[in-house]
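Data block below; observations after.
Any read-out appearing in this document is the output of simple, stated calculations on the displayed coordinates, not a laboratory observation. No experiment lies behind these values; they were computed from the predicted model shown. Positions of Cβ are backbone-derived with ideal geometry, glycine not excepted, and every protein chain shown enters the neighbour counts.
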Amino acid sequence: MATVTKTIRKPAAQLRLPIIPENGDTPAVDKKDAVFNDPNFSSNKTLPVHRWVPWIAGFSSGFVKSALDGFLRKKGTVLDTFCGVGTTLVESILGGHNAIGFEINPYAALASRVKANAYHIDIDEFTSVIDDFRQFYKKMTSSKYKPYSAPPQGFKTRALFYNPLVLHKVLIVQDFVLAIEDDTLRDLFRLAFASTMVSYSNYSYEPSLGRRVSAGREEIHDFPVAKAITDKLADMAEDIAWMQEQMTPNNLKVQIINDSFFNCRQHLPTESVDLVITSPPYLNNYHYNRNTRPQLYWLGYAQSPEDLKKLEDMNFGKFWQTVRDCERLDLSFALSHTGIQERLQTLRNLNKEKGSYGGNGWANYAAAYFNDCHRFAEGIHYVLKRGGTALVVIGNSILQGVMIPTDEYFGKIAESVGLELVKIDIPRATRVGNSIIQSDVRVAKAKSSHQLYEAVVVLRKP
Ligand SMILES: C[S@@+](CC[C@H](N)C(=O)[O-])C[C@H]1O[C@@H](n2cnc3c(N)ncnc32)[C@H](O)[C@@H]1O
């Protein structure tokens with residue numbers, strides 16, 4: 001196997017882009033010099049379109065832009081295998097490329113679909129519906145109007161999600177939104193509601209969804225709900241106008257597939273993608289589906305816990321809670337001399353006396369994760385055109401104090417399915433600790449011995 005350079009940069013390092021060869025082929029990445037933008041989402045919070053929907057572990061648009069500029073010289077097809085709220089897709093179409101995204105979470109898939117297609121929207125029609133909304137809401141909140149919408153029945157929370165005054169306003173919003181005839185405009189409103197809905201509830205993201213009172217905040221008894229939504233809608237209208245200015249008329253194809261990437265063979269022909277830019281869930285047990293329960297239920301995508309369970313089963317990597325009690329879960333592929341098996345064994349032997357909470361459960365969790373890394377790598381190999389590149393942003397992990405270099409292991413797995421591992425670049429060497437680090441390994445202890453980082457694994461299909 002080839003020796004791969006691992007370049008670690010400080011966050012403030014000057015950014016340089018991969019160089020495009022004169023012949024227009026996908027460039028060979030200079031193993032010493034290629035540097036990517038920091039892939040962290042936080043810089044998106046103020047940027048047009050990207051600011052619509054906050055998403056934990058989203059990409060920065062700058063990272064995607066530099067990747068597109070560096071790897072696609074002419075119009076191509078870009079795939080994000082785990083597209084989240086669509087950062088890759090939005091940047092791809094702004095750059096004049098066709099965009100495809102897979103996403104299992106229907107709320108995130110909605111966000112991706114609405115954002116990536118937003119440049120088609122008629123701004124005048126949109127702003128006129130926003131005005132109608134303002135009037136409807138004003139009229140209904142100042143009368144004895146009884147909304148006909150109801151909170152989703154299956155959505156159970158420990159504390160009241162909305163206090164009565166807030167709930168009344170939210171239901172008025174629902175009545176208006178459900179009555180919008182045009183599907184596209186209705187989806188813009190649904191997204192404006194869904195992306196703000198937690199901010200006026202008794203819950204908050206810390207970054208997992210939890211009660212405000214548990215985080216030392218007060219409950220919300222009343223709130224200017226319409227203002228939160230109309231502010232969001234105004235941002236959307238402004239950004240759509242901006243998007244339309246940026247884009248020349250085109251016949252771009254945008255495809256958002258609300259299914260697991262593991263089913264890619266059912267949706268895409270082989271060798272149909274020029275560039276993959278993506279980031280799978282990390283080995284940190286972050287539960288995207290559970291954390292978006294409010295949106296999934298209120299948007300009508302979930303009616304009961306079984307619906308959540310289906311998403312959980314489809315998720316990349318199993319959740320620790322679902323495998324910690326299994327006797328032993330092993331790798332489903334054979335790969336010698338990689339160190340993966342040995343690292344899993346080290347983990348498995350730790351803290352046996354802690355039962356479910358000991359090393360075996362975490363080794364099972366990591367083994368399931370690497371099994372999915374293997375399926376993921378096979379999927380990349382299937383979709384990529386020959387000579388095509390995949391940029392996979394992945395964070396390392398610390399389980400029970402054991403550092404798991406997921407980037408290196410994923411690189412080796414990718415090589416084993418026939419992809420070339422070109423390079424591993426590390427634009428950000430200090431990632432904020434995740435839920436595992438905070439709950440199961442003491443932060444200070446983990447930081448003293450291991451560094452959390454985020455890596456860009458660059459692969460090519462020969
Ligand atoms: C790290 S986030 C990607 C965020 C994205 N880069 C962005 O900027 O919004 C990983 C995403 O993968 C999705 N996901 C998990 N398992 C999946 C699967 N099997 N197929 C497709 N998407 C999946 C999760 O719902 C989550 O939105």
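Listing for the model above:
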{"item": "Loop-located chymotrypsin sites (Phe, Trp or Tyr not before Pro) in segment 100-172, at most 16 other Cβ atoms within 10 Å (DSSP)", "result": "Tyr145, Tyr148, Phe155"}
{"item": "Between helix 123-141 and the chain: long-axis angle, C-alpha atoms, 0 to 90°, nearest 10", "result": "60"}
{"item": "Computed FRET value (nearest 0.05) for Arg217 with Thr141, which takes r as the C-beta separation and R₀ as 22 Å", "result": "0.30"}
{"item": "For the chain, convex hull of alpha carbons as volume per residue, Å³", "result": "152"}
{"item": "For the chain, share of DSSP beta bridges that run antiparallel, in % to the nearest 5", "result": "55"}
{"item": "Charge dipole magnitude, Cβ of K and R +1, D and E -1 - segment 123-244, Cα centre, debye nearest 20", "result": "860"}
{"item": "Unsatisfied cross-links (Cα-Cα over 23 Å) in the set Lys253/Lys385; Lys115/Lys232; Lys318/Lys354; Lys74/Lys232; Lys318/Lys352", "result": "Lys74/Lys232"}
{"item": "10 Å Cβ shell holding at most 14 others, DSSP loop, trypsin sites (Lys or Arg not before Pro): longest site-free stretch of the chain", "result": "329-441"}
{"item": "Helical contribution to [θ] at 222 nm, DSSP H n ≥ 4, -39,500 (n - 2.57), averaged over the chain, rounded to 500", "result": "-12500 deg cm²/dmol"}
{"item": "Reach of Lys310 by Cα under 19 Å, taken over aspartates and glutamates that are not fewer than 8 positions away in the same chain", "result": "Glu103, Asp259, Asp372"}
{"item": "Debye, to nearest 20: dipole size of the chain, +1 on Lys, Arg Cβ, -1 on Asp, Glu Cβ", "result": "1220"}
{"item": "Cα long-axis angle, helix 164-179 against the chain (0 to 90 degrees, to the nearest 10)", "result": "90"}
{"item": "Tilt relative to the chain, helix 61-71 - C-alpha long axis, 0 to 90 degrees, to 10", "result": "50"}
{"item": "Förster radius 30 Å - calculated FRET efficiency between Glu306 and Tyr148, Cβ distance, rounded to 0.05", "result": "0.65"}
{"item": "Kirkwood Rh and Cα Rg combined as Rg/Rh, segment 123-244", "result": "0.99"}
{"item": "Cα convex hull of segment 276-408 - mean projected area over all directions, nm²", "result": "9.7"}
